[in-house]
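The values are calculated or read from the model by the stated rules, or taken from the named source; none is laboratory data. Worth saying up front: this structure is predicted, and the values here are computed from it rather than measured. With ideal geometry, Cβ positions are generated from the backbone for all residues, glycine too; neighbour counts draw on all protein chains shown. Just the protein is used for accessible areas: all its heavy atoms, side chains included, with ligands, DNA and RNA removed. Shrake-Rupley method; radii C 1.70, N 1.55, O 1.52, S 1.80 Å.
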Amino acid sequence: MFLGTQRVNNQGHLEIGGCDTLALAQQFGTPLYVMDEAFLRENIRRYRAAFAQKYPGESHISYAGKAFLVKRVAQIVAEEGIDLDVASGGELFVALSAGFPAERILFHGNYKSDREIQEGVAAGVGRFVVDNPHELSRLAQVAQGAGIVQKILLRVTPGIDPHTHAKISTGQEDSKFGVSIQSGEALAAVKLALASPSLKFLGIHCHIGSQLLDAQTHLDAGDVMVGFLAQIQRETGFSCEELDIGGGLGVRYLPEHAPLSFEDFAEALTGALLAAFERHGVTALPRLLQEPGRSLVAEAGTTLYTVGPLKTVQLAEKTKTYAVVDGGLSDNPRPALYGAKYSALVAGRASQPKDKSYTVSGKHCETDLLFPDMPLGEVTSGDILAVQTTGAYNQTMASNYNRFPRPAVVFVRDGEVSLAVQRESYEDLVRQEF
């Protein structure tokens, strides 16, 4: 499959953003994260437009920075006019360092330290998404001390099982995130927020999980959330101004993956929400907020590796060939964490038939199987392997395991390439050591 601006050029090489991937590998080395800037911008515009056209009230999207956040991404998000959510003091610092407007930032996290709360208040972030009563109390104190009234959303758990991988499920009742609607804890927290003179409660937030290929769990969660909006109005007299349903829409890691288009997702979700508003008697449409991350950035990313040794093993049932690449667990931990699967192609023979499979492994001192039984076609030592859909949760989860320097990041667009993150050096590995 070819994504975004990917194509085969007249040399038979994979090209992204008008740039030959073999030339990129030669110039910047491998492993290398390559970001398709035009595709990322197109995704942002399409997602925003889909909901603006379908939802009769006001709608906003915030890019979920946890998916992939470096200064260049923050700048693109700012230029495209959408908001940004951050989940730590470090992500907040990156955003502010890039010049991102603080009033367009939502500050997430299930345990914001006192320092992080103080940093967010001092920066003037637009929203805190409060996760629990402990944070609610601490934030109220810090805001009062700063002499401000801080806008907040309350994260609640709708009790919906999204049927995705357990490690990326977040909306079920048994979750570390948010306060329970079913137990009554969420309503009690709403009443505390409304009673605080240093907090301005705007509405409720949920996030049910990630890599969801259809809309059903969003529809189920939406009905629960609208029901809770109605309960808040009945029991407190307060009409919530905002409803944030998080993110979670899936992407194409494999050719057989068929996530909903942004347009189909918007039609399904807004239709269900409008029906739920009518059913539960919510007459004033809240501002609809969303937090897509993976669905905007994942398919815009490609990782380039250089193939090293090839090892053939004769097993009783078959012959297996290992293709060892110059990265692995440290630049993409998702296969080890989630059993994540990917598509790839040999960048120098991008249109060759994938009639031969390899077990692609990394070079770490672990089993480090990246992609077992991956169809690639012919592979030789020295080839550049292009792994697709690596824009989300790859660079952002990278480590220095085995003291590997983390890879560089480049953005490509219209035949131009710009270095966004320099490759770490060996000296960087010991820079903070004594």
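If Leu153 meets every condition in (1) under 23 Å from Gln290 (Cα atoms); (2) part of a loop (DSSP other than H, G, I, E, B); (3) modelled with pLDDT of 95 or more apart from one, which number is that one?
The number of the failed condition is (2).
For the range 417-434, what are the residues that are assigned to a loop (DSSP other than H, G, I, E, B), open to solvent by less than 100 Å² (accessible area, probe 1.4 Å) and within 22 Å of Lys71 (Cβ to Cβ)?
Arg423, Glu424, Ser425
Could you check, for the range 292-305, whether at least one of its residues is more than 16 Å from Thr390 (Cβ to Cβ) and modelled with pLDDT of 95 or more?
Among the residues of the range 292-305, at least one is more than 16 Å from Thr390 (Cβ to Cβ) and modelled with pLDDT of 95 or more, which makes the answer yes.
Pull up the range 37-63, narrow it to residues that are within 21 Å of Gln75 (Cα to Cα) and of a type in the set (S, T, N, Q), then point me to the one that is farthest from the chain's Cα centre (by Cα).
Per the criteria, the residue is Asn43.
Does the range 62-81 hold any residues that are surrounded by fewer than 22 Cβ atoms within 10 Å (Cβ to Cβ) and polar (S, T, N, Q), and which are they?
Across the range 62-81, the qualifying residue is only Gln75.
Can you give me the number of residues within the range 21-61 that are of a type outside the set (Lys, Arg) and under 30 Å from Val346 (Cβ atoms)?
Counting residues in the range 21-61 that are of a type outside the set (Lys, Arg) and under 30 Å from Val346 (Cβ atoms) gives 22.
Output yes when any residue across the range 366-383 is closer than 22 Å to Val421 by Cα, open to solvent by 20 Å² or more (accessible area, probe 1.4 Å) and hydrophobic (A, V, I, L, M, F, W, C), and no when none is.
No, there is no match, as no residue in the range 366-383 is closer than 22 Å to Val421 by Cα, open to solvent by 20 Å² or more (accessible area, probe 1.4 Å) and hydrophobic (A, V, I, L, M, F, W, C).
How many of the residues in the range 215-255 are in a helix (DSSP H, G or I) and among the aliphatic types (A, V, I, L, M)?
Matching residues across the range 215-255 total 8.
Do you know which residues across the range 119-162 are at positive phi and surrounded by fewer than 19 Cβ atoms within 10 Å (Cβ to Cβ)?
Gly124, Gly147
A quick yes/no check of all residues on (1) closer than 30 Å to Ile16 by Cα; (2) under 26 Å from the mean Cα position of the chain (by Cα); (3) surrounded by fewer than 24 Cβ atoms within 10 Å (Cβ to Cβ); (4) modelled with pLDDT of 90 or more:
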residue	(1), (2), (3), (4)
Glu241	no, yes, yes, yes
Glu267	no, yes, yes, yes
Leu289	no, yes, no, yes
Val313	no, no, yes, yes
Thr319	no, no, yes, no
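I'd like to know if the range 50-69 contains one or more residues that are in a loop (DSSP other than H, G, I, E, B), touching a residue at least 40 places away in the same chain (Cβ under 8 Å) and either hydrophobic (A, V, I, L, M, F, W, C) or touching a Cys at 6+ places or on another chain (Cβ under 6 Å) (or both).
yes
Mind checking whether some residue in the range 197-214 is at pLDDT 95 or above, open to solvent by less than 30 Å² (accessible area, probe 1.4 Å) and either part of a helix (DSSP H, G or I) or farther than 28 Å from Gly271 by Cα (or both)?
Yes, that holds for at least one residue.
Which one of Leu419, Leu370, Leu329 is among the aliphatic types (A, V, I, L, M) and either out of contact with any helix residue (DSSP H, G or I) (no Cβ under 8 Å at 6 or more places or on another chain) or under 19 Å from Asp36 (Cα atoms) (or both)?
Leu419
Find all pairs meeting these conditions: Cβ atoms under 6 angstrom apart; at least six residues apart or on different chains; first residue within the range 380-408 and basic (Lys, Arg); second residue in a loop (DSSP other than H, G, I, E, B) and crowded, with 16+ Cβ neighbours inside 10 Å.
Sorted first by the residue in the range 380-408, then by its partner, the pairs are Arg406/Ala398; Arg406/Glu424.
Let me confirm something: among Ala122, Ala95, Ala140, Ala74, which residue is outside any strand (DSSP E or B), in contact with a strand residue (DSSP E or B) (Cβ under 7 Å, 6 or more places away or on another chain) and more than 24 Å from Leu288 (Cβ to Cβ)?
Only one candidate qualifies: Ala140.
Being within 25 Å of the chain's Cα centre (by Cα), hydrophobic (A, V, I, L, M, F, W, C) and over 16 Å from Thr396 (Cβ atoms) is the filter here; which residues of the range 411-434 pass it?
Within the range 411-434, Val412, Val417, Leu419 meet the criteria.
So is Thr30 in contact with a Ser or Thr (Cβ under 9 Å, 6 or more places away or on another chain), surrounded by 24 or more Cβ atoms within 10 Å (Cβ to Cβ) and in contact (Cβ under 8 Å) with a residue 40 or more places away in the chain or not?
When the stated conditions are applied, Thr30 does not pass them.
Would the range 111-118 turn up any residue that is assigned to a helix (DSSP H, G or I), open to solvent by less than 60 Å² (accessible area, probe 1.4 Å), within 17 Å of Gly65 (Cβ to Cβ) and at pLDDT 95 or above?
Checking the range 111-118: at least one residue is assigned to a helix (DSSP H, G or I), open to solvent by less than 60 Å² (accessible area, probe 1.4 Å), within 17 Å of Gly65 (Cβ to Cβ) and at pLDDT 95 or above.
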